[in-house]
Amino acid sequence: MRIITLLAATAFGFAGIQAASAADMGLPLKAPPPPPAVWSWTGFYIGVNGGAGFGQADESLNFPGIGFGSTAINSQPISGELAGGQIGYNWQIPSMPVVLGIEGEGDWANLTGSGPCNVNFFGFIAGVNCNVKTNWIADVAGRVGFTADRALIYVKGGVAWAGNQYNGTIFPLVGQIPVTASETKVGGLLGVGVEYAVIGNWSAKLEYDFIDFGSTNNAMTIGGVAVPSTIVNLGVRETVSEVKFGINYRWNWAP
């Protein structure tokens, strides 16, 4: 019995010495806290945006049906406001500061331009004024970005669409005759932007996009009469730049 008591006293004494030694050395008696979670951009998001657009529209009249060739009538700047929304998905490569994503945007637009457009067709037609208006712009693009914790710098590229209207007035001999045309344009988009995770699941972005819609030929309505594009049509080449600020809300977003 004395041996058991002696062994127990020795064990308790050894434990006390160990605890005292650990305290003297500043060693923790509890397990250290886990490391902080690493920020990740992976997840779906939806948001709104607004900004401005500006560009150039070059117009010409083409006369394929009568072999007259084409006549440049106007080259004018266009500018105005944009407002809309976006939805997309980001995937951050594990343990790497690289983010891949896809995004779709749709914006109401009020990009307009007007100016004189002059046509000399055997001396009989003179243009009074030409008007261009882009009513909406949409795009689908892939994104590649590089992160620094909560900041994301990215580039994007994809396809864009726009709804355009063209209006003008001509007078051959007497009176004024309205001329109208409309189309949905398709072009290529390149962009660059920066996004920052502000608080919680919210982030803010600033983005610049350049869209080249190329050249198209459009059937016209002259004086209320639809004219086949094989006889005469309106050629338009258009480029647009966008500067937009946006706010996104994310879900399934790792902290």
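Observations on the structure shown:
- Among (1) loosely packed, with under 14 Cβ neighbours inside 10 Å; (2) touching a residue at least 12 places away in the same chain (Cβ under 8 Å) - the single one MET96 does not satisfy: (2)
Yes or no, residue by residue, for (1) over 19 Å from LEU100 (Cβ atoms); (2) among the hydroxyl-bearing types (Ser, Thr, Tyr); (3) touching a Pro at 6+ places or on another chain (Cβ under 8 Å); (4) not assigned by TED's automatic domain parsing to the domain that holds LEU82:
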site: ILE137; (1), (2), (3), (4): yes, no, no, no
site: GLY142; (1), (2), (3), (4): no, no, no, no
site: GLY158; (1), (2), (3), (4): no, no, no, no
site: GLU183; (1), (2), (3), (4): yes, no, no, no
site: VAL194; (1), (2), (3), (4): no, no, no, no
site: TRP202; (1), (2), (3), (4): yes, no, no, no
site: PHE210; (1), (2), (3), (4): yes, no, no, no
site: LEU234; (1), (2), (3), (4): yes, no, no, no
site: SER241; (1), (2), (3), (4): yes, yes, no, no
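- Among the residues making up segment 201-214, a single one is in contact with a Lys or Arg (Cβ under 9 Å, 6 or more places away or on another chain), of a type in the set (Gly, Ala, Ser) and surrounded by fewer than 18 Cβ atoms within 10 Å (Cβ to Cβ): GLY214.
- Qualifying strands (runs of 3 or more DSSP E) (wholly inside segment 132-233; at least 2 residues being out of contact with any Leu (no Cβ under 9 Å at 6 or more places or on another chain), within 27 Å of SER75 (Cβ to Cβ) and in contact (Cβ under 8 Å) with a residue 24 or more places away in the chain): 151-171, 177-199, 202-218, 220-222
The values are calculated or read from the model by the stated rules, or taken from the named source; none is laboratory data. Note that the coordinates shown come from a computational prediction; the quantities given were computed from them, not determined experimentally. Cβ coordinates were reconstructed from backbone atoms using ideal geometry, including for glycine residues, and neighbour counts include every protein chain displayed.
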